[in-house]
1. Where Lys and Arg each count +1 and Asp and Glu each count -1, what net charge lies around Ala320 among other residues with Cβ under 13 Å from its Cβ?
2. Suppose a student asked you for the relative contact order of the stretch 205-462, using Cα pairs under 8 Å spaced at least 6 residues apart; what percent would you report?
3. How do Ser195, Ser372 rank when sorted from fewest to most other Cβ atoms within 10 Å of their own Cβ?
4. Sort Val398, Val102, Val348 so that the residue with the fewest other Cβ atoms within 10 Å of its own Cβ comes first and the one with the most comes last.
5. If one computes the Cα centroid of the stretch 208-281 and of the stretch 317-354, what distance in Å separates the two points?
6. Rounded to the nearest 0.05, what FRET efficiency do Thr164 and Val101 give with R0 = 56 Å and r taken as the Cβ-Cβ distance? Could you check?
7. Using a cut-off of 12 Å between beta-carbons, work out the net charge of the residues near Val332 (Lys and Arg +1, Asp and Glu -1, Val332 not included).
8. Can you put Ile296, Ile341 in order of Cβ neighbours within 10 angstrom, beginning with the fewest?
Amino acid sequence: MGGNIIFDQDDMAPAPGPESISEHAGPAAADGGKSVDGRVRPPGGVPLVVTTPTDRGAEGPRHAHALPRATRRERKARRREKIRRRATPFGRHPKSTVALVVLLLLTPLWVSLGSAAINPALGNTVGARLTEWVRDHGGGPVVTWAENTWYTWNAPPKGGKPATGAIPAPARSTTTVPSGPAHLAVPVAIVPFVSTPTPGEGQWHPIGRTVGGIPAMYAAYLRPNAVNTSLVTGVAWMDTKLLGANLYEGSSIPGTGQTWANMAPITGPALDTLAAAFNSGFRMQDANGGFYADGITAIPLRAGQASLVITNDGTPTIGAWGVDVGMTPSVVAVRQNLALIVDHGQPVPGLNANDNYQWGATLGGRVQVWRSGLGVTASGALVYVGGSGLSIVDLANVLTRAGALRAMEMDINTAWVNFFSFDPPTGQPASAASGTKLTYDESSSPSRYFAPSARDFFTMSARTVPAPKPRSKVG
């Protein structure tokens, strides 16, 4: 098949032979004939057709004359032009359309997150508020993992000394008080856990307002164990003969929709007698217990669970429900949280510092975290303990040494452990300006409970003191 093929066409002369083609080659070139593969096409009516070479190796690739591939820029330009010619704006802007649709669909999410971020009732920092939002929207496992990781990386140091001023200098005397209304005896100093105590460690100092001229509260500070010696735990002792207890409900705890007599913020006449305010327990879904107030059982009370019980005269006590305490006509409030950690004046058997289920599942692992606890002494005083880097064993040990006969864990985690005492000028209501943190490193401000709160909390208020009887004259 090599060589040339000559097609016969109508109205044309017979195909010439090779000699004719050869004879006309020169004149055709001179008259402007076009060459094909070195040959000259005759200008006359007979076209010259060239076949495909049989020897591809010798003649070059089959597609030697194919169009070159478009560049990347050209391909992009073609795609843009194709999109530009689409009939609708959505078709011409597909990525923007998808982004807009996603944004609109997630609008409720952004609104909810934004509202949580600026809601002081959910915590004192944006991080704490968003954490609460995540918990409330099914993100508990994520929060658990994040908190566990953070606390593991930030475990309390071993050894070291307390920060300057964390343990106040010893007071001159805390063994005597002036005469006045009925009150409890001043507590004895707490025996420190370290072999070489800091001066003043474990000794009591009066805090907050007095009642009838008598200190109603004392605070002491000590290291919670002999290993993490740079940490300091605060202890507050409250005289229940001079102070009455109140339970304030939060906007989400117990979260059952009732209207309560006491809800944050603290306002009105309550400010005139306010002596202290401190955190309550876990959220109800984590507390493994119930909630009772104003004659309403918001969450069923559970037998055997640790319970803070308040009677109608403001007297608080702590015990296992159905064992040490129970429902009577005088009970006005019950807040349960887990099980007792101190009973009969000793830490309960089986406490495990590494237990990441019963005493704070949200923190997991072997971490030591901010914890708080509340106990009642044999004389009826309330004892609050709070501080950083505490295991459940540390918390129980400090409560025991502070004189607790029975005690329960309250809330945990940095944002939720807080105790404030108030000492306003005579005749003035309590305010944030007259409030003092129990420990210097608490993250919350004394203004916390003068604003709405998602969580419930407790207050201690000065009892009404009878006016002193006039002395009778003799003679």
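Quick note: the coordinates plus some simple rules give every number you see, no bench work behind them. Everything numeric here is computed off the predicted structure, so don't read it as measured data. No Cβ is skipped: glycine too gets one built from the backbone with ideal geometry, and neighbour counts run over all protein chains shown.
1. So the surrounding residues net to 0.
2. Working: 644 pairs, mean separation 71.4, N = 258.
This gives 28 percent for the stretch 205-462.
3. Ordered from fewest to most neighbouring Cβ atoms within 10 Å, Ser195, Ser372 come out as Ser195, Ser372.
4. Details: Val398 30, Val102 9, Val348 15.
Ranking Val398, Val102, Val348 by Cβ neighbours within 10 Å, fewest first, gives Val102, Val348, Val398.
5. After rounding, the separation between the Cα centres reads 18 Å.
6. Values: r = 58 Å, r/R0 = 1.03.
The value I calculate is 0.45.
7. Numbers: positive: Arg335; negative: Asp294, Asp313.
Local net charge: -1.
8. On the way: Ile296 12, Ile341 25.
By the 10 Å Cβ count, ascending, the order reads Ile296, Ile341.
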